[in-house]
Ligand SMILES: C[S@@+](CC[C@H](N)C(=O)[O-])C[C@H]1O[C@@H](n2cnc3c(N)ncnc32)[C@H](O)[C@@H]1O
């Protein structure tokens, strides 16, 4: 018989017992909760798409091959960002929810109430939006606001185009849906270049875009979830 994977510290999971986790997963399946997320993002994507000036449609179309065939090689200018989002957002969003569901089954996901998450090379932030929705569903199921109030997300992204996208997209998402109290991935992810990261907690340097404020940047020594989907 196939044995269910048990996370090393799963027994310390004081927020949700194994049976409660199973009930939550059944609730997701029976109510097709992930499709609720897909439907919200479909609506928000359409709103975002309708703001794109018609004059740049042809430039976007010309980038379609780049974002399918060379998505790990390009620099992501504004047209490539649009093409990437149109091509990849919704299906990657859904698949990301499935990944969090698998993580959730292990019990690792809920070791602490306050999870620290970083997405390295986040692109349009798909895995972060999916993460935030997953914990939002968890709160909805429990009729509480534990996880969404306590999450801490950050990202690494070098493309200004993706950062601008996330800002706009998060704004529309906030207007369109009930994302009260949720920290959305706006433009202000702390890190630009993944090649500079090390998790020693040592000073990384000051970021050019923050130099006016004199802020020094450190990388935390630990995160609960590190997402790295892509080349970075
Ligand atoms: C193929 S995309 C994947 C995006 C996203 N992870 C996803 O799954 O949809 C790769 C992303 O990594 C970013 N990237 C590549 N090299 C990077 C680096 N050295 N530092 C920061 N971001 C980087 C790119 O700008 C792009 O957004």
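Among helices (runs of 4 or more DSSP H) entirely within region 114-183, having at least 3 residues that are touching a residue at least 60 places away in the same chain (Cβ under 8 Å) and away from the ligand (no atom under 12 Å from the Cβ) singles out 126-142, 160-176.
Here residue 61 passes the criteria (1) over 18 Å from residue 229 (Cα atoms); (2) without any contact (Cβ under 8 Å) to a residue 24 or more places away in the chain; (3) touching a helix residue (DSSP H, G or I) at 6+ places or on another chain (Cβ under 7 Å) except the one numbered (3). The condition of being within 14 Å of the ligand (Cβ to nearest atom), surrounded by 15 or more Cβ atoms within 10 Å (Cβ to Cβ) and more than 18 Å from residue 157 (Cβ to Cβ) holds for only one of 100, 84, 93, 76, that being 100.
Of all the listed residues (118, 126, 74), the sole one being over 24 Å from residue 20 (Cα atoms) and touching a strand residue (DSSP E or B) at 6+ places or on another chain (Cβ under 8 Å) is 118.
Tell me, which residue of region 191-216 that is in a strand (DSSP E or B) and either within 14 Å of the ligand (Cβ to nearest atom) or in contact with a helix residue (DSSP H, G or I) (Cβ under 6 Å, 6 or more places away or on another chain) (or both) is modelled with the highest pLDDT? For region 191-216, the residue satisfying everything is 191. Look at region 189-201: where a residue is touching a residue at least 40 places away in the same chain (Cβ under 8 Å) and more than 11 Å from residue 217 (Cβ to Cβ) and a partner is outside any loop (DSSP other than H, G, I, E, B) and near the ligand (Cβ under 8 Å from one of its atoms), sitting 6+ places away or on another chain with Cβ atoms under 7 Å, you get 189/156; 194/120; 194/156.
The values are calculated or read from the model by the stated rules, or taken from the named source; none is laboratory data. Keep in mind it's a predicted model, so treat the numbers as computed, not measured. Every residue, glycine as well, gets a Cβ built from its backbone with ideal geometry; the counts of neighbours run over all protein chains shown.
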